[in-house]
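Participant: Before I ask anything, let me first share the structure, which is written out below as C-alpha cells.
Just so it is clear, none of the values below were taken in a lab; they were calculated from the coordinates. Here the structure is a predicted model, which means the values were calculated and not measured. Methodologically, a virtual Cβ is constructed for each residue, glycine included, from the backbone with ideal geometry; neighbour enumeration extends over all protein chains shown.
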Number of protein chains: 2
Amino acid sequence: MAQVSQKLVKVEESRRFMIDCFMAVKVPKEHAEQQADLLVAADHRGHFSHGMNRLEMYINDLDKNSTDGAIIPKILKETPATAWVDGQNGLGAVVGNYCMELAIKKAKNVGVGWVCAKRSNHYGMAGWYTNRAMEEGLIGMSMTNTSPLMAPTRSKEAALGTNPLALGAPAKNGDKFLLDMATTAVAVGKIEIQRRKNAPLPDGWAQDPSGNVTNDANLAFETGCLMPLGGSEITSGYKGFGLGGLVEVLCGVMAGANYSTHVRKWTHAGANSEANLGQVFIAVDPNQFADGFEERMTDMNGILRNCAPTDPQKPVLVPGDKESQNMKEVDLAGGIQYLPNQLQTCDNLSKRLNIKPLQFI
Amino acid sequence: MAQVSQKLVKVEESRRFMIDCFMAVKVPKEHAEQQADLLVAADHRGHFSHGMNRLEMYINDLDKNSTDGAIIPKILKETPATAWVDGQNGLGAVVGNYCMELAIKKAKNVGVGWVCAKRSNHYGMAGWYTNRAMEEGLIGMSMTNTSPLMAPTRSKEAALGTNPLALGAPAKNGDKFLLDMATTAVAVGKIEIQRRKNAPLPDGWAQDPSGNVTNDANLAFETGCLMPLGGSEITSGYKGFGLGGLVEVLCGVMAGANYSTHVRKWTHAGANSEANLGQVFIAVDPNQFADGFEERMTDMNGILRNCAPTDPQKPVLVPGDKESQNMKEVDLAGGIQYLPNQLQTCDNLSKRLNIKPLQFI
C-alpha cells in the first residue's frame, strides 16, 4: 500500500465505528459486533478489500432490507456429523459464526462437523471461520460461492464467482497453516490497483469481451471476466476453473442456494433481491487420527520456511505468514492506515447515519 | 497422442495382462484385480501416465518387497464419522478401496465419512475412489501426498509432491462433475512429452536449478522442480503451493504418515524402503442437505457447457467430460492404443515374469 496518509486508526476505533454504523441501520448490538469483528480482522491482516472497504455495501443492503440484520439462522436438518442451515438472509458473519460453532460442536463429538448454509450473504474472508476451529485445536475449512466473475476455461462469459476456500490448521505455540484464497488467479481488487496505477496486467489474470487474455486493466475491469487460477488452458487454467466448480458444488449446489449464474450480479449500491448464497463450514478433530498433529504441523512449516530461496531477500512463506506479519506491523504502528478514499467513505457514512466520525491517533 | 501404432488392446485383455503380472509376483488374485481395475480405468479414460505406465514400478516395488501385495488394511481408531487406517504398506488400490468403502458406510449412517490412511502406497488416479462414492449417490473426495517434486513459491528446491485432489459429484442419468487434478501446474508426464517432441515449455510449468522459470524441457526434467498451479508469484503460484500444502495437511500430517521432504524420492526401479504415504477419503451424503442435489448438478453442468465459447470449435468442458469422451472413443475403436515404448515394457514384463504376452485385436 502506498504511504499516502499518516492518519492511523486504532483497531478498536475501527471496530467501534463499524458497530455504530451497523446499529444505525437497526442491526442488534451482538450482530453488529460479529460483523465488525470480521471486517476489522481483515484490515488488521492487510486484506483491505475484505475489511472496512465492504462496510458501505453491507450498510446499503441492510438499508434496503435486502439483508436482515436481526435474524438468527435456523437448523433445517441434522445428523451427529452434519447440519443443513437456513441463514434466513441474515448477515454473513452471523450465519458463518453460527455454522462454524455448530461444526466445531459436532467435530468434538464425532470427529467431523460438516455444516452447509443456504440463504446466506457475503461472509467476508473465508479464513475468519477457520480461526474459531483452530482455537479449539481443530482443523477448520470454509468455502462460499459468490457472484459470477470468473470465465470457465474456453468461455467468453463469466459463470462462477471468485469462490474462495480456506483451510486453517493449528501448529504449536500459536503457529499455523492458514490458506485463504480465491479460486480465480486474482481478486477484482488487484485489477483495480493496476488500473489506478495505469499499469498493464500480467497474462492470465483477465479476459477481454471476445474471451482472449487481456493486459489492459481498464478493459479487464469493464469486462468483468476474471481468469481461473492457472490462467490460460496451456498453463492449466482448467484446474482453477475446476476448483471454482468444486466450491460451487459444496456450497450453492449442496445447500440448495443460488449457484453459478443464478447468483445475483455484484453490486455495491445495495441489491434489490436476496443474495441466497451457499456456504460450507467444516471442522475436523485431528486427535481422531494420529497423535501429535501440531508437532508435525510445526515441523512441516519449518521445512517449508527453510527451503533455499531463489532470491535470498525473499524467504519462502507458509500460507498465513504474510497476514501475521501485517498484524504485527499494525500493532507496532499502533493502528491501521486506510487509503484516503476509504476515509472519505467513512466520513460520508458518519454524516449519512449520524454517528461519531472515525477518530485518528 | 500421435497415431504411431495400429495395434489395439481390448480393455479386458489389458486388465488380464496386469492381473497376470501382479499374480506372478505373489499378489493374491483379489488384490491383483483391484490394482488392475484401477490401472486399466486410467488408460480407458486417456490418463496413460496413471495406467499401465505405472505397472512396472508397482511390480518392481512388489518384487523388492517394499510393498506388501497380500496385506489387508487395519482400523486403528474410529468414530461414527471418522477412521484412522493403517494401510500396512499394502497396494495403493487395496488401501484406497478399503478406506473409501469405509467412508461410504459412515456417510450413509451419519452424513459424512472421513477416513485417513497412513502407510499407504502410490494409489493411482485420485478420481478412481470418488467413483465408488458417486455410484452410491454420494459426493466423494480423495487426496494423496506424493514424493517431493514441487518447489514452493520462492523456493529453489522441491518440498511438496504433485499432491492431487479429486472431487466427484453425481448428476442425473449418469452425468457427473469429476475433478481430478494435481496441484502442480502440470504433471511430470507433460514435461516428458515436450522433451520427446524437442519442444519448449510454456512459462509457469517448471524451474531451473537456480529457482527461475525455465522453458527448457530437458533442464526441467533433470531439475525435478515443478511449479505449483498458477506458476510464478505474479500469477498467484502461491495459491497452487497453498493447495499442495492443504493436501499435505489433510494427508501426510493428519495421518501421521511421511510428509513433505520426509517422503522418499520418486523411483521407477523399485524402492528400498516403505513409502508410508498419507491419504484421505471423504464421502458426503447430499441428501442430508437440500433435496434434489442431482437435478441441480445437472443444471449447473448445463450452464457451464453452454457458456458462449471463445473459439466456437472448442466448447466449454465440465471436469470429467474429456475423460468420458476418451472412454467412448476407446469403446468405439474396440480397444486401447498404447505407445510403442509401453508395448515394449509389456513385452519385457511378460518375458521376465513368464506370463502370456499382451494380445492385440
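Participant: Taking neighbour counts of Cβ atoms within 10 Å as a proxy for exposure, in what order, fewest first, do A:ASP216, B:ASP347, B:ASP61, B:ASP20 appear?
Facilitator: With the fewest neighbours first, A:ASP216, B:ASP347, B:ASP61, B:ASP20 line up as B:ASP347, A:ASP216, B:ASP20, B:ASP61.
Participant: Out of B:LEU167, A:PRO28, A:LEU243, whose Cα points farthest toward the positive end of the dipole of the protein assembly as shown (charges: +1 Lys, Arg; -1 Asp, Glu; placed on Cβ)?
Facilitator: Value computed over the given set: A:LEU243.
Participant: Show me A:79-85, B:178-184 ranked by packing, highest mean number of other Cβ atoms within 10 Å first. Could you put the intermediate results ahead of the total?
Facilitator: Numbers: A:79-85: 23.7, B:178-184: 26.6.
Order by mean packing, descending: B:178-184, A:79-85.
Participant: Same structure, new question: Can you run phi through the Karplus equation (6.51, -1.76, 1.60; θ = phi - 60°) for the range A:96-110 and list ³J(HN,Hα) in whole Hz, with x for Gly and Pro?
Facilitator: These are the phi-based 3J(HN,Hα) values: x, 4, 4, 5, 5, 4, 5, 4, 4, 4, 5, 4, 5, 7, 10 Hz.
Participant: Moving to a separate point now. What list of ³J(HN,Hα) couplings, whole Hz, do you get for the range A:130-142 from phi and the Karplus terms 6.51, -1.76, 1.60, once you set θ to phi - 60° and write x for glycine and proline?
Facilitator: Rounded to whole hertz, the list is 6, 4, 4, 5, 4, 4, 9, x, 9, 8, x, 9, 8.
Participant: Additional query: Could you give the size of the charge dipole of the range B:53-102 about its Cα centre, using +1 on the Cβ of each K and R and -1 on the Cβ of each D and E, expressed in debye and rounded to the nearest 20? Walk me through the numbers on the way to the answer.
Facilitator: Details: 4 positive and 7 negative charges, 19 e Å.
Computed about the Cα centre, the dipole is about 100 debye.
Participant: In nm, what does the list of distances from B:GLN359 to its counterparts in the other copies look like, shortest first, when each label sits 7 Å along Cα to Cβ?
Facilitator: 8.8
Participant: In peptide A:251-258, how many Cβ atoms from other protein chains are near each Cβ within 10 Å, on average? The partial results should precede the final answer.
Facilitator: On the way: counts 0, 2, 15, 10, 5, 7, 2, 0.
The mean count of partner-chain Cβ atoms within 10 Å per residue comes to 5.
Participant: Each residue of the range B:280-288 in turn: what ³J(HN,Hα) in whole Hz from Karplus with 6.51, -1.76, 1.60 and θ = phi - 60°, glycine and Pro shown as x?
Facilitator: Coupling constants for the range B:280-288: 10, 10, 10, 10, 10, 8, x, 5, 7 Hz.
Participant: Only four residue types carry charge here, +1 at the Cβ of Lys and Arg and -1 at the Cβ of Asp and Glu. Report the dipole size of the range A:116-262 about the Cα centre in Debye, rounded to the nearest 20.
Facilitator: Numbers: 12 positive and 12 negative charges, 39 e Å.
The calculated dipole for the range A:116-262 is roughly 180 debye.
Participant: Using a 10 Å cut-off on Cβ atoms, rank the peptides A:129-137, A:86-94, A:290-298 from the highest mean neighbour count down. Please list the in-between numbers first.
Facilitator: Numbers: A:129-137: 20.9, A:86-94: 25.1, A:290-298: 18.4.
Per-residue mean Cβ counts within 10 Å order the peptides as A:86-94, A:129-137, A:290-298.
Participant: What shape does chain B take by its C-alpha gyration tensor, where a ≥ b ≥ c are the square roots of the eigenvalues and a/c under 1.5 counts as rounded, a/b above b/c as prolate, and the rest as oblate? Spell out each step's value before the answer.
Facilitator: Numbers: a/c = 1.12, a/b = 1.04, b/c = 1.08.
It is rounded, given that a/c, with a ≥ b ≥ c, falls under 1.5.
Participant: Please report, for B:ALA199, the nm distances (one decimal) from its label point, 7 Å out from Cα along the beta-carbon direction, to the equivalent points in the remaining copies, shortest first.
Facilitator: Relative to the other copies, B:ALA199 has label-point distances of 3.3 nm.
Participant: Mind checking which chain A residue has its Cβ closest to the axis relating A to B, and how many whole Å off it is?
Facilitator: A:ALA81, 2
Participant: Right, here's the next one. Take every Cα-Cα distance within the range A:226-305, group them into 5 Å bins from 0 onward, and report for each bin the whole-number percent of pairs it holds.
Facilitator: Final binned percentages: 3, 12, 12, 11, 13, 16, 13, 10, 7, 2, 0.
Participant: Rg over Rh of the protein assembly as shown, using C-alpha atoms and the Kirkwood radius, what does it come to? Can you show the working numbers first?
Facilitator: Values: Rg = 25.4 Å, Rh = 26.1 Å.
Ratio value, two decimals: 0.97.
Participant: Can you give me the relative contact order of chain B as a percent, contacts being Cα pairs under 8 Å and 6 or more apart?
Facilitator: On the way: 819 pairs, mean separation 80.6, N = 361.
Result for chain B is 22 percent.
Participant: What base-10 log of the normalised intensity I(q)/I(0) is obtained for the range A:1-144 from the Debye formula, alpha carbons as equal point scatterers, at q = 0.15, 0.21 Å⁻¹?
Facilitator: Ignoring solvent entirely, the Cα scatterers give -0.76, -1.27.
Participant: What order, most packed first, do the peptides B:251-264, A:44-57, B:348-361 have when packing is the mean number of other Cβ atoms within 10 Å of each residue? Spell out each step's value before the answer.
Facilitator: Details: B:251-264: 24.0, A:44-57: 20.6, B:348-361: 14.1.
Packing proxy ranking, top to bottom: B:251-264, A:44-57, B:348-361.
Participant: Mind checking the alpha-carbon convex hull of the range B:28-96 and giving the volume per residue in Å³?
Facilitator: Details: hull volume 6.8 nm³, N = 69.
Here the figure is 99 Å³ per residue.
Participant: Moving to a separate point now. Would you mind checking B:LYS108/B:LYS314; B:LYS29/B:LYS351; A:LYS265/A:LYS351 for any pair whose Cα atoms are more than 32 angstrom apart? Intermediate values should be presented prior to the final figure.
Facilitator: On the way: B:LYS108/B:LYS314 39 Å; B:LYS29/B:LYS351 20 Å; A:LYS265/A:LYS351 28 Å.
B:LYS108/B:LYS314, as the Cα separations exceed 32 Å there.
Participant: Amide H to amide H, which residues 5 or more places from B:THR214 or on other chains are under 5 Å from it, using H placed in the peptide plane?
Facilitator: Those lying under 5 Å, H to H, from B:THR214 are B:GLY204, B:ALA206, B:GLN207, B:ASP208.
Participant: The range B:186-291: which GluC sites (Glu not before Pro) are DSSP loop and have at most 12 other beta-carbon atoms within 10 angstrom?
Facilitator: Values: sites: B:GLU192, B:GLU222, B:GLU233, B:GLU248, B:GLU274; in loops: B:GLU233, B:GLU274.
Here no loop site has a sparse enough neighbourhood.
Participant: What share of Cα pairs, in percent, lie more than 17 angstrom apart in the range A:228-361? Intermediate results must be reported in sequence, preceding the final value.
Facilitator: On the way: 7208 of 8911 pairs.
Across the range A:228-361, Cα pairs with separations above 17 Å total 81 percent.
Participant: Please list, or write none, the lysines whose alpha carbon is within less than 18 Å of the alpha carbon of A:LYS176, excluding same-chain residues fewer than 8 places away.
Facilitator: A:LYS322, A:LYS328, B:LYS239
Participant: Right, here's the next one. Report the local net charge at A:VAL94: Lys and Arg +1, Asp and Glu -1, summed over other residues whose C-beta lies under 13 Å from its C-beta. Could you put the intermediate results ahead of the total?
Facilitator: Details: positive: A:LYS29, A:LYS74, A:ARG119; negative: A:GLU30, A:GLU33, A:ASP37, A:ASP68, A:ASP86, A:GLU101.
With Lys, Arg at +1 and Asp, Glu at -1, the neighbours total -3.
Participant: Using just the alpha carbons, could you tell me how many Å³ per residue the convex hull of the range A:120-189 encloses? Provide the component values of the computation, followed by the final result.
Facilitator: Values: hull volume 6.7 nm³, N = 70.
So the per-residue Cα hull volume is 96 Å³.
Participant: Using only C-alpha positions, report the orientation-averaged shadow area of the convex hull of the range B:72-216, nm², one decimal.
Facilitator: 10.8
Participant: Provide, for q = 0.10, 0.14, 0.18 Å⁻¹, the log10 of I(q)/I(0) from a solvent-free Debye sum over equal Cα point scatterers in the range B:77-157.
Facilitator: Ignoring solvent entirely, the Cα scatterers give -0.28, -0.50, -0.74.
Participant: Right, another one. Calculate the length of the line joining the C-alpha centroid of the range A:228-264 to that of the range A:193-217, in whole Å.
Facilitator: 21
Participant: Per residue of A:204-214, count partner chain C-beta atoms within 10 Å of its C-beta, then hand back the mean as an integer.
Facilitator: Across the residues of A:204-214, the mean count of other-chain Cβ atoms within 10 Å is 2.
Participant: Next question, about the same structure. With viscosity set to 0.692 mPa s and temperature to 37 °C, compute the Stokes-Einstein D of the range B:292-361, Rh being the Kirkwood radius across alpha carbon pairs; µm²/s, no decimals.
Facilitator: Values: Rh = 15.9 Å.
Value of D from the Cα-based Kirkwood radius: 207 µm²/s.
Participant: Same structure again: Please compute the contact order of the range A:1-151 in relative form: average sequence separation of alpha-carbon pairs under 8 Å and at least six residues apart, divided by the residue count, as a percent.
Facilitator: On the way: 222 pairs, mean separation 25.3, N = 151.
Computed value for the range A:1-151: 17 percent relative contact order.
Participant: Quick check for me: using +1 on Lys/Arg Cβ and -1 on Asp/Glu Cβ, what's the dipole size of the range B:159-200 about its Cα centre, in debye to the nearest 20? Let's see the in-between values first.
Facilitator: On the way: 6 positive and 3 negative charges, 40 e Å.
The calculation lands at about 200 debye.
Participant: For the range B:85-157 and the range A:5-68, write down the distance between their C-alpha centroids in whole Å.
Facilitator: Here the two parts' Cα centres lie 41 Å apart.
Participant: Find every distance from the label point of A:SER49 to the corresponding label point in the other copies (7 Å from Cα along Cα→Cβ) and write them in nm, one decimal, shortest first.
Facilitator: When each copy's label point is compared with this one, the spacings are 2.9 nm.
Participant: Shifting gears a bit: Per residue of B:298-309, count partner chain C-beta atoms within 10 Å of its C-beta, then hand back the mean as an integer.
Facilitator: Average neighbour count from other chains, rounded to a whole number: 6.
Participant: Can you give me the long-range amide H partners of B:ALA83? Hydrogens built in the peptide plane at 1.01 Å from N, cutoff under 5 Å, separation of 5 or more residues or another chain.
Facilitator: Answer set, sorted by chain and number: B:TRP114, B:VAL115, B:CYS116.
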